[in-house]
Amino acid sequence: MKKLRKACLYLFVFALVWSCSNDDGGSTNTTNLQVIGLWDLAEVNVSSSQDIDMDGSLSSNLMDELECISGTLLIDGDMVWTFEQTNVSITAITNGHFFAQCSSTVVATGAWASSETEVVLQGSDLLGTLSISGDRLIKNVGDDLPGIRSYVYVRRAE
């Protein structure tokens, strides 16, 4: 009987050690390290073209219409991101025309994680999840004017 208990104990310990090995195909790190770097705001898109600066040229990218818009997003290797961007305030005038102005600067920081297709920035309602499209990070908001349709960031050349 003692030998049977000992054999069962050894079998139990062996099964426990074997089942806890780290090569069982469980979770893998899917962090896309290619998103690490400094990203500049390149587009603040709205749903229909506007001539905010009244130069006779319409654009759906408010950065073409307002020189005061800027933004940077730093995604670092320590899984921390830092962000600073001009906040834009948009008001309806009449007949599908809108007035936009720079109103303040938004600063935020937090932790990040990514996959092959998106970066999740925790700690910011403005950024949240960004889609990865080549050398661009895109925040699709999807709002019609007076809201923003999307924000587009491009990697800064080194």
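The values are calculated or read from the model by the stated rules, or taken from the named source; none is laboratory data. Nothing here was measured: the structure is a model prediction, and the numbers come from that model. Quick reminder, even Gly has a Cβ in these numbers, built from the backbone with ideal geometry, and neighbours come from all protein chains shown.
For the stretch 66-88, the condition holds for no residue, the condition being that it is more than 23 Å from the chain's Cα centre (by Cα), exposed (fewer than 14 other Cβ atoms within 10 Å of the Cβ) and not charged (D, E, K, R).
For the stretch 129-158, the set of residues classified as under 20 Å from Ile90 (Cβ atoms) and either in a loop (DSSP other than H, G, I, E, B) or polar (S, T, N, Q) (or both) consists of Asn140, Val141, Gly142, Asp143, Asp144, Leu145, Pro146, Gly147, Ile148, Arg149, Ser150, listed by residue number. Can you find a residue in the stretch 91-112 that is crowded, with 17+ Cβ neighbours inside 10 Å and under 22 Å from Ala157 (Cα atoms)? Within the stretch 91-112, one or more residues are crowded, with 17+ Cβ neighbours inside 10 Å and under 22 Å from Ala157 (Cα atoms).
Among the residues of the stretch 31-50, those identified as within 19 Å of Gly147 (Cβ to Cβ), in contact (Cβ under 8 Å) with a residue 24 or more places away in the chain and not hydrophobic (A, V, I, L, M, F, W, C) are Glu43, Asn45, Ser47, Ser48, Gln50. The set of residues in the stretch 113-142 that are of a type in the set (D, E, K, R), touching a strand residue (DSSP E or B) at 6+ places or on another chain (Cβ under 8 Å) and at pLDDT below 95 comprises Glu116, Asp135.
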